[in-house]
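What follows is a single structure, written as structure tokens, with notes after it.
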Amino acid sequence: MSERWDVVVIGAGPGGYVAAIRAAQLGLKTAIVERDRIGGVCLNWGCIPTKALIHGVSLYHGLKTARQAGITATVSLDLEALVRFSRRAADNLSKGVAHLLRQHGVIVLPGRARLGGEHRVEVADAAGATVSHETRGIILATGSRPRKLPGLDGAGDLVMDSSAAMIPTAVPARLLVIGGGAIGVEFAYIYGILGAKVTIVEMLDQLLPAADRDIGEELAKAFHRMGIEVLVGTRLERVEREGDTLTAHLLRNAERLIRQTDRMLVAVGVRPNSEDLGLESVGITAPGGYVTTDEIGHTGTADIFAIGDLAGGALLAHKASAQGVVAASRLAGIPAPGVDQVLIPACCYCEPQVAGVGPTAKELEARGIAFRAGMVSFASNGKAMATGSRIGFVKLLFAAEGGRLLGAHLIGAHVSEMISGLSLAIREGVTADRLGSLVHPHPSLSETIMEAAEAAGGRAIHA
């Protein structure tokens, strides 16, 4: 039996489901294939449930440390209830997305998809039965999965990935986190607040290697104050298991270190889900597993697009969603421009939060671009002082000639809510003078943006 569609989307994560809904809104007969849960990794095992865990542990930590605001409380944490809270958030959002798909007339095809040609998708259900679907356009949105480290087979169940770390039944006394990117940093924070003695190991020379260097250093200081050990420029050589204890052998420069731990979390990035998609059968290339596309996500084959983690670049849910809108629009005949990856903000939701958009100082220097930096600490901000949120800063980078904003890098309370306006400012070519003259509400954390813009010209008043 064969069915015909205008668009078939493979993968119902934040890229795929957004693409499907937009395609349906534009009048295209649309189906979406999903082999697991609607919402993909982000909604079910990534972005959403981790933020629920962070919210819970942050509340717990805030109550424990509320004495400075005149509040004395005896608090305890129910780990099982916290995990239920996190899973409920994920489940509710997944159900909400499924409702949106139904509301827009998108048909969900459960099963595993494979390209059967330039205009055909073969969908195999759980029983192995395959249905062929004819379609004018295809959007590949299969996402990614955690990357594994070789040589850890002997460690057995004492090693976990991010999905297992999200549903703990107990808090280990000691946790070794391998990988200092966003995933590793967020789980280091979660387990540190829960009471584990955490060591985080990053092979490169700073936490959050893609972030501005000052950001990585500030986060390392904040983690140190929390009792989290940070080892940068360090790599894992081997792991030995004895009973329920792991011994990790580490190398930092020429120095050999040993750390014993009860559990190990591997957070060394992800790999794209590009296997067994039938890419080669239609001439689509995928070096390193990442599908090659042009600036609008087109694969160069028929009307087949690839978006999100599968297409490489910034491995972020909001980038996938934006690319999904572009792909759906193009298939509907609307000449939507591609997503400018320079303008995609990246955030990390530990405490203090981290947010950045545009090039870092190191990247600008490598490209030979002259710039002026304006940097203001939250310690000089009235709202931060009043709310006990004095850790962190705003760092803005402006072109030396013309003064337009090039990059913005923030660390502190709620900075993930402050970054979008700076992304818009970069896109619109806003200058330091214009950003510094914009009146911000007082008191507010966002006043630091105005002050940082003024600081770039040596005119900051409160810094």
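The values are calculated or read from the model by the stated rules, or taken from the named source; none is laboratory data. Quantities reported herein were computed from a predicted structural model and do not represent experimental measurements. With ideal geometry, Cβ positions are generated from the backbone for all residues, glycine too; neighbour counts draw on all protein chains shown.
The figures follow:
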| item | result |
| --- | --- |
| Subset tally (residues that are surrounded by fewer than 21 Cβ atoms within 10 Å (Cβ to Cβ) and in contact with a helix residue (DSSP H, G or I) (Cβ under 9 Å, 6 or more places away or on another chain)) for segment 326-348 | 14 |
| In segment 423-463, the residues that are of a type in the set (S, T, N, Q) and either surrounded by fewer than 14 Cβ atoms within 10 Å (Cβ to Cβ) or under 19 Å from T387 (Cα atoms) (or both) | S437, S444, S446, T448 |
| Meets criteria (assigned to a helix (DSSP H, G or I), of a type outside the set (F, W, Y) and more than 17 Å from the chain's Cα centre (by Cα)) for A336 | no |
| Residue satisfying all of: in segment 274-325; small (G, A, S) and farther than 22 Å from V41 by Cβ; surrounded by the most Cβ atoms within 10 Å (Cβ to Cβ) among these | A302 |
| Residues that are in a helix (DSSP H, G or I) and in contact (Cβ under 8 Å) with a residue 60 or more places away in the chain, drawn from segment 72-108 | L79, E80, V83, S86, R87, V97, A98, L100, L101 |
| Residue match in segment 50-71 (condition: touching a Cys at 6+ places or on another chain (Cβ under 6 Å) and part of a loop (DSSP other than H, G, I, E, B)) | no |
| Options A248, A220, A196, A210; residue that is closer than 16 Å to P352 by Cα and surrounded by 15 or more Cβ atoms within 10 Å (Cβ to Cβ) | A220 |
| Failed item, numbered, when Y60 is tested on (1) crowded, with 16+ Cβ neighbours inside 10 Å; (2) over 30 Å from A386 (Cα atoms); (3) not basic (K, R) | (2) |
| Condition met for F305 (within 21 Å of the chain's Cα centre (by Cα) and of a type in the set (F, W, Y)) | no |
| Test set (1) surrounded by 15 or more Cβ atoms within 10 Å (Cβ to Cβ); (2) out of contact with any Leu (no Cβ under 8 Å at 6 or more places or on another chain); (3) of a type in the set (S, T, Y) - S132 fails condition number | (1) |
| Residue in segment 159-176 that is farthest from E240 (Cα to Cα), counting only those that are more than 17 Å from the chain's Cα centre (by Cα) and buried (at least 19 other Cβ atoms within 10 Å of the Cβ) | P168 |
| Exclusive hit being touching an Asp or Glu at 6+ places or on another chain (Cβ under 6 Å), at pLDDT 95 or above, under 30 Å from G70 (Cβ atoms) and outside the structural domain of R67 (by TED's automatic domain parsing), set I411, I391 | I411 |
| Flag for R120 being basic (K, R), out of contact with any Lys or Arg (no Cβ under 7 Å at 6 or more places or on another chain) and free of Cβ contacts under 8 Å to residues at least 60 places away in the same chain | yes |
| Selection from segment 255-284 of residues that are more than 18 Å from M203 (Cα to Cα) and without any contact (Cβ under 8 Å) to a residue 12 or more places away in the chain | E280 |
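Matching residues to (1) in the same structural domain as V177 (by TED's automatic domain parsing); (2) among the aromatic types (F, W, Y); (3) at pLDDT 95 or above; (4) within 25 Å of R145 (Cα to Cα):
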{"site": "E202", "(1), (2), (3), (4)": "yes, no, yes, yes"}
{"site": "D214", "(1), (2), (3), (4)": "yes, no, yes, no"}
{"site": "K221", "(1), (2), (3), (4)": "yes, no, yes, no"}
{"site": "R225", "(1), (2), (3), (4)": "yes, no, yes, no"}
{"site": "A254", "(1), (2), (3), (4)": "yes, no, no, no"}
{"site": "D276", "(1), (2), (3), (4)": "no, no, no, yes"}
